[in-house]
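Heads up: the structure comes next, in structure tokens.
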Amino acid sequence: MSHNVRISIGIAVLIALSVLFLFSVVHTAAGAQRPGSRAVAAGHRLAQAWCQSCHAIEPHMAGFFDEAPSFQSIADRKGTTALSLKVFWRTSHQNMPNLVISPEQAEVLSAYILSLKRN
């Protein structure tokens, strides 16, 4: 498969995942959950749509790539806080796709990761 075809497929997948995420956020916003659990649920759906292909997003779930840390391991790191995750979302990373994440998406994704914290 040529490089241009792979890029086109990747862009199409990102667009499709973005649309699915927008529908899931609207569905979550219509629910009658507590604000904290609503953010965690929206973050979980975003993680499923955008992150699951490389990261293990569920506790005790195997990831597809050994290089990408699980969300559980990220949550359990001593330095993982809402602020450290906010900075992370605003920084480009060599081994990750260059996703454009809105502040609201960063907030709910961070809420989900922090909900996994065991210690």
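In region 87-105, what residues are assigned to a helix (DSSP H, G or I) and either among the hydrophobic types (A, V, I, L, M, F, W, C) or at pLDDT below 90 (or both)?
Val87, Phe88, Trp89
Looking only at region 41-75, count every residue that is farther than 14 Å from Leu109 by Cβ and at pLDDT 95 or above and tell me the total.
Residues that pass the stated criteria total 0.
Would you check if Ala32 is modelled with pLDDT under 60, part of a loop (DSSP other than H, G, I, E, B) and over 12 Å from the mean Cα position of the chain (by Cα)?
Spelling it out, Ala32 is indeed modelled with pLDDT under 60, part of a loop (DSSP other than H, G, I, E, B) and over 12 Å from the mean Cα position of the chain (by Cα).
For region 87-115, enumerate the residues that are in contact (Cβ under 8 Å) with a residue 24 or more places away in the chain and exposed (fewer than 10 other Cβ atoms within 10 Å of the Cβ).
Hit for region 87-115 is Asn95, nothing else.
Would it be correct to say that Glu67 is part of a loop (DSSP other than H, G, I, E, B), surrounded by fewer than 18 Cβ atoms within 10 Å (Cβ to Cβ), of a type in the set (Asp, Glu) and under 15 Å from the mean Cα position of the chain (by Cα)?
no
Of all residues in region 66-119, which are over 14 Å from Ala39 (Cα atoms), in contact with a helix residue (DSSP H, G or I) (Cβ under 7 Å, 6 or more places away or on another chain) and of a type in the set (A, V, I, L, M, F, W, C)?
Hits for region 66-119 are Phe71, Ile74, Ala75, Leu85, Trp89, Leu99, Ile101.
The values are calculated or read from the model by the stated rules, or taken from the named source; none is laboratory data. The structure displayed is predicted, hence computed values, not measured ones. Cβ atoms come from the backbone with ideal geometry, glycine included; neighbour counts cover every protein chain shown.
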